[in-house]
1. FRET efficiency for residue 116 and residue 72, Cβ-Cβ distance as r, R0 = 25 Å, nearest 0.05?
2. What number, in percent, do you get for the relative contact order of the range 44-180 if the mean sequence gap of Cα pairs under 8 Å and at least 6 apart is divided by its residue count?
3. Please arrange 89, 68 by counting, for each residue, the other beta carbons lying within 10 Å of its beta carbon, fewest first.
4. Could you tell me the largest-minus-smallest coordinate of the C-alpha atoms of the range 48-96 on each of the three principal axes, in descending order and whole angstroms?
5. Any idea how far apart residue 178 and residue 87 come out in nm if each label point goes 7 Å out from Cα toward Cβ?
6. Can you say what percent of the DSSP beta bridges in the range 44-180, counting only those with both residues inside, are antiparallel? Round to 5.
7. Listing 114, 161 from the residue with the fewest other Cβ atoms within 10 Å to the one with the most, what is the order?
8. Is the range 66-191 best put as rounded, prolate or oblate by its Cα gyration tensor, with a ≥ b ≥ c the root eigenvalues, rounded for a/c under 1.5, and otherwise prolate when a/b is larger than b/c, oblate when not?
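What follows is calculated from the coordinates using simple rules that are stated; it is not laboratory data. Note that this is a predicted model, so its numbers are computed, not measured. When we count neighbours, we look across all protein chains shown, and the Cβ atoms used for this are built from the backbone with ideal geometry, even at glycine.
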């Protein structure tokens, strides 16, 4: 009885299976939104650790009651005008935002009861600072806000959405102004 052996190259790879494609190192772990400035080497906020992404996937599959309700409100608001414009459980560095609108960089956090502990308050302050450093406007809602007065919730959402739009317009104007005034290096200079 003959035993089948795979054909191996001189590197020990199975020739019958082909090579597995892997992204180049400089592509891995970075997700940029159109209009984002390119990150500098010191900005670690753009990295998406695999552990954090896995945790975000678990949270996406098992949302809290308040997150489910807010998602229902957002998708049914004005006959679904916001449907498809936000992402749930978006990873921003080591943080996970419950809802994120990439068009105007608005993040929404739904805070449960555990956010009143001192250790969690410190983490929330750090999360807000990190989001602010990458031009994300953060709105914090409590479970009472989501399940309480709907008109008050919609007012908060509209105000923060408008504030994020204004902030994004200012940011893009500054970005364009800096792009026009910055000196060109030798590689981009026309010959």
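1. Here the calculated transfer efficiency is 0.50.
2. 21
3. Exposure proxy ranking, most exposed first: 68, 89.
4. Between the extreme Cα coordinates on each principal axis of the range 48-96 lie 36, 20, 13 Å.
5. Output for this residue pair reads 2.2 nm.
6. Values: 8 of 14 bridges.
Expressed as a percentage, antiparallel bridges in the range 44-180 total about 55.
7. 114, 161
8. prolate
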